[in-house]
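The values are calculated or read from the model by the stated rules, or taken from the named source; none is laboratory data. Note that the structure is a prediction, hence the values are computed from the model and not measured. Counting neighbours? That spans all protein chains shown, and the Cβs are built from the backbone with ideal geometry, glycine included.
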Amino acid sequence: MKNLRSFLAGRKFALAYFALVTFAFTQVSAETILFKNGEKTYGTVIDQSTDTVTILKETKRQAIPKSQILKIIFKDIKDEAEIAKLFETEKKKLNKDGKKPEKEEQLDTLLLEQMIKENSYKTVQKRLALIEKYIDEQDSSWEEYISENRNPWEPVWKSAILPGWGLSTMKHENYARTYQVLIGLSIIVAIGGSQAATEQHNKAENRLGKILIEDPVTYAQIQGSGITGASFVVTKMQSDSISEYNSAKSKENQYETYSRTGLYLGVGLYLAQLAQSYFLGKKWATHNIIQTPSGESVKEGFNFKSNYLPIAAGAGSSLWEYRTDLNYVSTF
C-alpha cells in the first residue's frame, strides 16, 4: 500500500515540479551525434549496449551501431563551422582501424552512461506529468477517491438501495452496468410474464364460462333444429372450445414460468451484486490504511498499540516492560 500521507502532503509540490520539469524537458536540446562517414543527426540518448546506442528521435526509438559513431556531443550544435572543427578533431583520434584509444573509449562510455541517466530521469518525469494530466482530465475526483475515508459496508448499502450503485462507487463501472442491465431485464421478464399469464388466465376463465353456460344452450338449439350432421357439428364445437381452453391454460402456465424465472433471476443477481459489493468493498476500504516510514500499517485516526518489550537481560533472567502507545494519524 502506498504511503497516502506522503503522497497527499507532497502533491501540490509535485504538480508544480512536474510542470516545471515538463517545460524544462521540452526546452532541452537533443544531443549531436557525429558519424565516421561525415554525417550527423540529432536525438536524445536513452540507452546503450555493448554494440549500440539507442536514441529517441521525434518520439521514435533508433538504435545506432557504436562502430558508426565518431562522437556524441551532449548539446545541440547547429553551427556548421563548429561541427566541421569537431569532425577534424575527433578523426585525428582514430587509429588505422578507425578506432579510438581504449582510454578515450572508456571516457566516452562513462559520459554516455551519465547522459542516459539524466535523460531517462527527465523522460520519466515528463511521462509522469502527462499521466497525471491524463488522469485529471479523465476523472478530476481521483485524488479525493484514493484519499477519502472508506467504510466496507458503504458499497453494500448503496447496492441494496440501487443495484450497481456500490460497485460504481468503487469504480467498477462494467460490473455495475452489467448488473443493472441484467436485473432490469429480469424485472421486465417477471412483470411482462405475470401480465401475460393474467391475460391468458382471464381468457381461459371466459372460455370455461362459455363451455359451462353458453355453449350447452347453443348445442341444444343446433341438435333440435333437425339439421343433418348436427351431432357432428356439436361435437366439433365442443372439441374446439375445450382445445381453446386448454391452450389458454397452457400459455398461462408458460408465462407464469417465465415470470417466476425472471423473478428468481432478478433476486439472485440482486444478492450476487450485494455479495460482490461486500467482498470488493473490503479491499476497497483498505485504502484507508497508511504505511509509516518504518513500514508499519496504521489507519487514519487514533491508533492504540500495546507490547511487552524486553529492556534488559542477565544470566538466566530478563526484564520486560509493558508499553502502550496511542497515536493519531492524519493524511494531512
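Okay, here's what the table says:
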item: In the stretch 174-214, residue farthest from residue 245 (Cα to Cα) [restricted to those that are in contact with a Leu (Cβ under 8 Å, 6 or more places away or on another chain) and not hydroxyl-bearing (Ser, Thr, Tyr)]; result: 176
item: Among residues of the stretch 68-85, those that are within 16 Å of residue 45 (Cα to Cα) and exposed (fewer than 13 other Cβ atoms within 10 Å of the Cβ), counted; result: 2
item: Residue in the stretch 231-263 that is farthest from residue 199 (Cα to Cα), counting only those that are of a type in the set (A, V, I, L, M, F, W, C) and in contact (Cβ under 8 Å) with a residue 12 or more places away in the chain; result: 234
item: Where a residue in the stretch 37-58 is under 15 Å from residue 74 (Cβ atoms) and its partner, wherever it lies, is of a type in the set (Phe, Trp, Tyr) and in a strand (DSSP E or B), with Cβ under 9 Å and at least six apart; result: 41/35; 55/42
item: Output for the stretch 86-103, where each listed residue is more than 16 Å from residue 48 (Cβ to Cβ) and surrounded by 12 or more Cβ atoms within 10 Å (Cβ to Cβ); result: 86, 87, 90, 91, 93, 94, 99
item: Within the stretch 270-285, considering residues that are closer than 13 Å to residue 175 by Cα, over 18 Å from the mean Cα position of the chain (by Cα) and of a type in the set (A, V, I, L, M, F, W, C), the one surrounded by the most Cβ atoms within 10 Å (Cβ to Cβ); result: 274
item: Residue that is nearest to residue 65 (Cα to Cα) [pool: residues in the stretch 90-116 that are of a type in the set (Lys, Arg) and under 54 Å from the mean Cα position of the chain (by Cα)]; result: 99
item: Matching residues in the stretch 120-161 - criterion: being among the β-branched types (Val, Ile, Thr) and modelled with pLDDT under 75; result: 123, 124, 131, 135, 146
item: Residue 173, sole failed condition from (1) modelled with pLDDT of 80 or more; (2) over 39 Å from the mean Cα position of the chain (by Cα); (3) of a type in the set (Asp, Glu); result: (2)
